[in-house]
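The values are calculated or read from the model by the stated rules, or taken from the named source; none is laboratory data. Please read these numbers as outputs of a predicted model, since none were measured by experiment. Glycine also receives a Cβ, built like all others from the backbone with ideal geometry; neighbour counts cover every protein chain displayed. Remember, those area values only see protein heavy atoms, side chains included, never the ligands or the DNA or RNA. Shrake-Rupley method; radii C 1.70, N 1.55, O 1.52, S 1.80 Å.
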Amino acid sequence: MNGRALALTVLQALFLARVLGQILVVLVAPAWLPAAEHWYSGLLPYPILLPAQILLLMFMSLVTYDAWRQTGLFFPRRPGTRRALRIAAYVYYAVMLARYALTMALVPELRWHGHLIPIAFHFVLASYVLVVGSAPAKVASTPTASSPGAKPQSG
């Protein structure tokens, strides 16, 4: 079982659910979901935010696919790359914690609701980066012709 790839898949599915929920709220505004203003902070206008989120999901799909294969362009093999991703994830967490603290301090009427959805899903994205950066340094490879117990290749 590939626990990291499974974690990436779950985190990506959570982010996809957030994007789909946001689209549903904008198009239909069901009463059982929070109002549109709770789904984004207003830092980016929605016509820019949605395509950016879709591009991010497409990129995440490439990364997750390579995580399942444990190889590929988006599978971080170098220790320095993995370390940089982990550091970036921790900085991302810290920035989101600071954003939450400032929002609660400066706009107390938003406490426990209002703009928490974006902050929560930034934690999801930071977790995704952390898991990518936690990729194993060495991955078991398939036996080669020179490996003990390998079957001879024909053709």
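Have a look at Y100, Y92, Y65 and point out the one that is assigned to a helix (DSSP H, G or I), surrounded by 15 or more Cβ atoms within 10 Å (Cβ to Cβ) and without any contact (Cβ under 8 Å) to a residue 12 or more places away in the chain. After applying the criteria, what remains is Y65.
The conditions of being at pLDDT 70 or above and either loosely packed, with under 12 Cβ neighbours inside 10 Å or polar (S, T, N, Q) (or both) are met by S134. Among the candidates P118, P76, the residue that is crowded, with 18+ Cβ neighbours inside 10 Å, assigned to a helix (DSSP H, G or I) and at negative phi is uniquely P118. Residues that are touching a residue at least 60 places away in the same chain (Cβ under 8 Å) and more than 30 Å from R86 (Cα to Cα) within the range 1-47 comprise P34, E37, listed in sequence order. Taken together, the residues in the range 22-35 that are open to solvent by 30 Å² or more (accessible area, probe 1.4 Å) and closer than 17 Å to P118 by Cβ amount to 6.
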